[in-house]
1. Residues being open to solvent by 20 Å² or more (accessible area, probe 1.4 Å) and either more than 18 Å from C8 (Cβ to Cβ) or in a loop (DSSP other than H, G, I, E, B) (or both): count how many of those fall in segment 98-132.
2. Quick check: anything in segment 68-75 β-branched (V, I, T), farther than 22 Å from L13 by Cα and more than 13 Å from the chain's Cα centre (by Cα)?
3. In segment 46-89, what residues are among the aliphatic types (A, V, I, L, M) and exposed (fewer than 15 other Cβ atoms within 10 Å of the Cβ)?
4. Within segment 36-55, is even one residue out of contact with any Pro (no Cβ under 9 Å at 6 or more places or on another chain) and not in a helix (DSSP H, G or I)?
5. Answer yes or no: is there a residue in segment 83-96 that is assigned to a helix (DSSP H, G or I) and more than 12 Å from the chain's Cα centre (by Cα).
6. Do we find a residue being in contact (Cβ under 8 Å) with a residue 24 or more places away in the chain, at negative phi, touching a strand residue (DSSP E or B) at 6+ places or on another chain (Cβ under 8 Å) and not hydrophobic (A, V, I, L, M, F, W, C) anywhere in segment 49-61?
Amino acid sequence: MKQEYRACGSSYLVFAAIVGTPLGISAFAAFRQPFFLKAILICLAALGLAFLWLSRFRLVITPEAVSYSSLFTRERTVQRADIVAGGFAAHTGGFESPFTFVIRSGSGSEIRINAKVFSREAVRELCTLLKT
């Protein structure tokens, strides 16, 4: 059965809180000083970009394959029969989440998945890939 996962609602909520706080402060300040309107526009643009980034996360797990894509990562697919290792990365890069899940295939290629934005159910499903 095909299971498709997208960024969960709590990820959107976290970014809304992070950007919403300066947005609210700027909106309050704009009532007293009109030049704060520029700050409101910057916050709205940041919120829009964050939501666009989150909306592009996609994880598809089928009985045959696992696929992952994001805004900055093209879709990568590995056949389940080719998976030789999987688990959370011991070392992550500067632009990676500390919760990066790595799937390695027999050919040496790997898929690095930002597991932080997905639901617990999706992460549980990733953790069971080697058991099937």
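The values are calculated or read from the model by the stated rules, or taken from the named source; none is laboratory data. Note that the structure is predicted; figures quoted are calculated from it, not measured. Methodologically, a virtual Cβ is constructed for each residue, glycine included, from the backbone with ideal geometry; neighbour enumeration extends over all protein chains shown. Remember, those area values only see protein heavy atoms, side chains included, never the ligands or the DNA or RNA. Shrake-Rupley method; radii C 1.70, N 1.55, O 1.52, S 1.80 Å.
1. From segment 98-132, those open to solvent by 20 Å² or more (accessible area, probe 1.4 Å) are 98-99, 104, 106-110, 112, 114, 116, 119-121, 123-125, 127-128, 130-132; that's our starting set.
Applying the additional criterion that residues be either more than 18 Å from C8 (Cβ to Cβ) or in a loop (DSSP other than H, G, I, E, B) (or both) yields 98-99, 104, 106-110, 112, 119, 128, 130-132.
Within segment 98-132, residues that are open to solvent by 20 Å² or more (accessible area, probe 1.4 Å) and either more than 18 Å from C8 (Cβ to Cβ) or in a loop (DSSP other than H, G, I, E, B) (or both) number 14.
2. First pass over segment 68-75, keeping only residues β-branched (V, I, T): 73.
Then drop every residue that is not farther than 22 Å from L13 by Cα, which leaves 73.
Checking which are more than 13 Å from the chain's Cα centre (by Cα) leaves us with none.
No, segment 68-75 has no match at all.
3. At the first step, the residues of segment 46-89 found to be among the aliphatic types (A, V, I, L, M) are 46-47, 49-50, 52, 54, 59-61, 65-66, 71, 78, 81, 83-85, 89.
Correct list: L49, L52, L71, A81, V84, A85.
4. Taking segment 36-55 as the starting set, the residues that turn out to be out of contact with any Pro (no Cβ under 9 Å at 6 or more places or on another chain) are 36-38, 40-41, 44-45, 47-55.
Next, only the ones that are not in a helix (DSSP H, G or I) stay: none.
Looking for residues that are out of contact with any Pro (no Cβ under 9 Å at 6 or more places or on another chain) and not in a helix (DSSP H, G or I), one finds none in segment 36-55, hence no.
5. First, the residues of segment 83-96 that are assigned to a helix (DSSP H, G or I): none.
Taking every residue of segment 83-96 in turn, none turns out to be assigned to a helix (DSSP H, G or I) and more than 12 Å from the chain's Cα centre (by Cα).
6. Step one: list which residues in segment 49-61 are in contact (Cβ under 8 Å) with a residue 24 or more places away in the chain, which gives 50-51, 54-55, 57-61.
Remaining after also requiring at negative phi: 50-51, 54-55, 57-61.
From the residues that got through so far, the ones that are touching a strand residue (DSSP E or B) at 6+ places or on another chain (Cβ under 8 Å) too are 55, 57-61.
Next, only the ones that are not hydrophobic (A, V, I, L, M, F, W, C) stay: 55, 58.
Scanning segment 49-61 turns up at least one residue that is in contact (Cβ under 8 Å) with a residue 24 or more places away in the chain, at negative phi, touching a strand residue (DSSP E or B) at 6+ places or on another chain (Cβ under 8 Å) and not hydrophobic (A, V, I, L, M, F, W, C).
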